[in-house]
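This report concerns only the one structure given below.
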Amino acid sequence: MMAVEGISPKTYRKVLIGNHAVAEAVKLARAQVIAAYPITPQTLIVEKLAEMVEKGELNAKFIRIDSEHSALAAVLGAVAAGARAFTATSSHGLLYMYEVVWWAANARLPMVMTIVTRSIAPPWNIHSDHNDLLTMRDSGWIISMAESVQEAFDLTLQGFKISEDERVLLPFVVGLDAFQLSHTAEVVDIPNQKIVDEWLPPRNPYIPYVLEPGQNFAVGNIGPNEYTMELRWYMYDAMKRAKEVIKEVDRDYAKIGGRSYGGLVERYKTSDAKYIVVTMGAWSGDAKEAVDELRDEGIPVGLLRLRFIRPFPIEELRELAFGAKAFLVVDRAMSMGYWGILGIEISAAIKEITQIRNIIAGLGGVDVSVDDFYNLFKKNIEKIECGEIREVISIEWYMPWLKK
Amino acid sequence: METSNQYLKFLDSLLAKPSIGAIGKTGLWRTFKPIYYRDKCIRCLLCWLYCPENAIDVNEDKTIAIDYDYCKGCGICASICPKKAIEMIVESE
Ligand code: SF4
Ligand code: SF4
């Protein structure tokens, strides 16, 4: 994270848990419609928003609804009718709303949703891994993932701006890890309402289109097959433009938030690194500490944190791959029958350039400490150095409790 | 909906507006043809209301005219007419 000189006096500080920070950002964005169904560990977001609406702090329609499928459908309808709208869910809730996830993207409707990442049952488990969020991978949503409570707040505000940009017009999801962020308090810098209003004006309801009386058209009616394919191509094109819009909004946000993160990825000590660790989400902070310890020992390791999975930062990855001996990709999501999901994504981008070690860890919310990361990185770097690991791509499941 | 905004071109494929004959002249499907007898007609306009193709136009004097370009010959109008003022006959060239 890059600090910009002298945090603007137009910001103030609050101690907030991740879920409440997201609610605060939705309030500052002046969302007009919120439809949601409770599910742990997301519930505190919409509970807080309901309270804000009830107290009159947020002038929005809060729709208590019968399911997650209906929640996103109501948000979709509200956005099609011109409103700025929001919802949040986790795990099984996301799977239940999945049909509408694709409808929202294919209908090109701008909106923001939060996914507090949570493992999928069985066994029943409320702790974090990333398989739920990554089921959205191919749907046409812009997919971001926060490392800190502050970043979850920042991404939520930025999400509305990026999603509503007429060059983009794709829905935007912010992921944050269950409990590690959702229920953990941090000091958060918050821009005041006046400067947020200037930075994020009300949504133009006519972009991309508005359903209103007197306008007789249907969205997504049946049509020639070629129309479907053309629409996919337009989405592909919008995703390419989204890369620039994300970077632009990230830079621009420094004016009100005092921070930018570096675009689609965050680079940590990568400039002279021979080994690149890749992570996503809250545990990146622990992995960075492990990188620091290895650096102290003179091992040339750096960390690349994926802030966005879609659009995918292929250029950034390839650029780093050319100078690297190997990538250690730490995955909190598994594609059964193949590798970890980040492992697959990254190998598609760089496997002809450098070696990849895909480490599967932390599934079901299993804690991975700084020491774990340190040992994992050190052991794998040694094995690659001495030639014990030679394959272009190899995979390891990190389950230290099974050994000895 | 046609747009001049280059970023919103997708609307042309996404949004469907009602338009005459969007999928061709449905009149070509017809095997039976409705024939209208103006002198029997009491101008109740049930045929206009029931026609699924919007192929019945209402004249100023509330008599009707059938648009044979889009009338698909389903016979609903003849069936609903309380005065048998519409008769279905076999279509011929
Ligand atoms: S239903 Fe029959 S009587 Fe009524 S308007 Fe039509 S043709 Fe005339
Ligand atoms: S035959 Fe069917 S389509 Fe033709 S005018 Fe009558 S109701 Fe309409």
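A few notes on this one:
- In degrees, nearest ten, helix A:284-296 long axis to first principal axis of chain A (Cα): 30
- Global geometry of the stretch A:280-330, whether rounded, prolate or oblate, following the gyration tensor of its Cα atoms and the 1.5 cut on a/c: oblate
- Selected from A:356, A:207, A:120 as most flexible by GNM, with chain A as the system and alpha-carbon contacts under 10 Å: A:207
- With the cut-off at under 17 Å, measuring from each backbone N in the stretch B:23-37 to a point 7 Å along the Cα-to-Cβ line of residue B:90 picks out B:30-35.
- Counting only protein heavy atoms and a probe of 1.4 Å, the accessible surface of the stretch A:33-155 is 56% carbon and sulfur.
- Across A:268, A:206, A:253, mean-square fluctuation computed from a Gaussian network of chain A (C-alpha pairs under 10 Å connected) peaks at A:206.
- At R0 = 35 Å, FRET efficiency that the Cβ-Cβ distance of residue A:232 and residue A:198 yields, to 0.05: 0.45
- Relative packing of A:11-23, A:336-348, which averages over residues the other C-beta atoms within 10 Å, highest first: A:11-23, A:336-348
- Separation of the stretch A:294-360 and the stretch A:134-209, taken as the distance between their Cα centroids, equals 25 angstrom.
- Within 10 Å of the Cβ of each residue in A:203-216, the mean number of Cβ atoms contributed by other protein chains is 2.
- Cβ-Cβ FRET estimate between residue B:63 and residue B:25, R0 fixed at 35 Å, reported to 0.05: 0.90
- Seen against the Cα atoms of chain A and their longest principal axis, helix A:225-257 is set at about 80 degrees.
- J(HN,Hα) series, the stretch A:353-366, from Karplus relation 6.51 cos²θ - 1.76 cosθ + 1.60, nearest Hz, glycine and proline x: 9, 8, 7, 10, 10, 9, 9, 8, 8, x, 5, x, x, 4
- Global form of the stretch A:98-242, assessed from the alpha-carbon gyration tensor, a/c cut-off 1.5: oblate
- The protection proxy used here, the mean number of other Cβ atoms lying within 10 Å of each residue, ranks peptides B:70-80, A:99-109, B:10-20 as follows, highest first: A:99-109, B:70-80, B:10-20.
- Note on residue A:403: aspartates and glutamates with a C-alpha under 19 Å away, same-chain residues under 8 apart excluded, are A:367, A:371, A:372.
- Placed amide H near residue A:117: partners under 5 Å, 5+ positions off or other chain: A:176, A:177, A:178
- Computed as a quarter of the hull surface, the mean projected area of the alpha carbon convex hull for chain A stands at 21.0 nm².
- Model label zone, residue B:49; criterion: amide N under 14 Å from point 7 Å along Cα-to-beta-carbon; scope the stretch B:58-93: B:77, B:80-83
- Based on Cα contacts under 8 Å between residues 6+ apart, chain A shows a relative contact order of 17 percent.
- Partner chain coverage, peptide A:222-232 - average Cβ within 10 angstrom: 3
- Cβ-derived FRET efficiency at R0 30 Å, residue A:335 paired with residue A:251, nearest 0.05: 0.35
- For the stretch A:221-282 and the stretch B:39-86, distance of Cα centres in Å: 57
- Reachable aspartates and glutamates from residue B:72, criterion Cα separation under 13 angstrom, eight or more residues apart if same chain: B:53, B:91
- Rg to Rh, two decimals, where the stretch A:1-135 supplies the alpha carbon set and Rh follows Kirkwood: 1.00
- Gyration tensor verdict on the stretch A:311-404 (Cα atoms; rounded if a/c is under 1.5, prolate if a/b is larger than b/c, oblate otherwise): oblate
- Taking 24 Å as the straight-line reach from the Cα of residue A:255, the lysines in range (excluding those fewer than 8 positions away in the same chain) are A:10, A:14, A:27, A:161, A:194, A:243, A:247.
- Of the GluC sites (Glu not before Pro) in the stretch A:280-338, those whose Cβ has at most 14 other Cβ within 10 Å and which sit in DSSP loop: A:297
- Relative contact order %, the stretch A:63-116, counting alpha carbon pairs below 8 Å whose residues are six or more apart: 45
- A/B buried area, accessible surface, summed, 1.4 Å probe, Å²: 1500
- The stretch A:1-100: relative contact order as a whole-number percent, Cα under 8 Å and 6+ apart: 32
- Cα long-axis angle, helix A:18-28 against chain A (0 to 90 degrees, to the nearest 10): 40
The values are calculated or read from the model by the stated rules, or taken from the named source; none is laboratory data. Please read these numbers as outputs of a predicted model, since none were measured by experiment. Every residue, glycine among them, receives a Cβ derived from its backbone with ideal geometry; neighbour counts consider all protein chains shown. Surface areas here come from the heavy atoms of the whole protein model, side chains and all, with no ligands, DNA or RNA. Shrake-Rupley method; radii C 1.70, N 1.55, O 1.52, S 1.80 Å.
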